[in-house]
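Written out below as structure tokens is the structure these notes cover.
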Amino acid sequence: MGFLLYSDGSEYEFDDRTLAHLKVAITSKLRLKEGFLLSWRVPAEEGGGRVSLWLSPAIALQFRFTDATPPALNRKWLEGLSRSSHGPRGMIVLSEEDAEKLSESDLSDPQAQKHIQKALDEVG
């Protein structure tokens, strides 16, 4: 498990594979000088609820990984994270499986749009 360390000293735990994808997606936006929200659902066994962090180029972030070897990156997962960042809720931490489903969907299809909106609504 790795950690996203926020500027106020808060630490948020993610598995290394998810964190590696977040690192690439987040830094891609920050390089463009874009501020945005990063949001995810907290599992019930960890107290439940959800978290949203404001990220901008002026905020110090650190990505700390447990594993010394970076994982292979999934382009579809990166695209899903990036795509979610353009909505009013900001970047949503999607699972790799949800990102795969989104990339396989025809985004002009109303059913696909409902599936995407449902996934985003669940996070919040």
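Quick look at the numbers
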read-out: Residue match in the range 21-37 (condition: of a type in the set (Val, Ile, Thr) and modelled with pLDDT under 95); value: no
read-out: Filter result (in contact with a Leu (Cβ under 9 Å, 6 or more places away or on another chain) and under 14 Å from residue 24 (Cα atoms)) within the range 58-72; value: 61, 62, 63, 64, 65
read-out: Residue list for the range 58-72, restricted to those being surrounded by 14 or more Cβ atoms within 10 Å (Cβ to Cβ) and either at pLDDT 95 or above or in contact with a Cys (Cβ under 7 Å, 6 or more places away or on another chain) (or both); value: 61, 63, 65
read-out: Strands (runs of 3 or more DSSP E) (entirely within the range 1-89) containing at least 2 residues that are in contact with a Gly (Cβ under 8 Å, 6 or more places away or on another chain) and in contact (Cβ under 8 Å) with a residue 12 or more places away in the chain; value: 11-14, 36-41, 50-55, 62-64
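The values are calculated or read from the model by the stated rules, or taken from the named source; none is laboratory data. All of these numbers come straight from a predicted model, not from anything done at the bench. Glycine also receives a Cβ, built like all others from the backbone with ideal geometry; neighbour counts cover every protein chain displayed.
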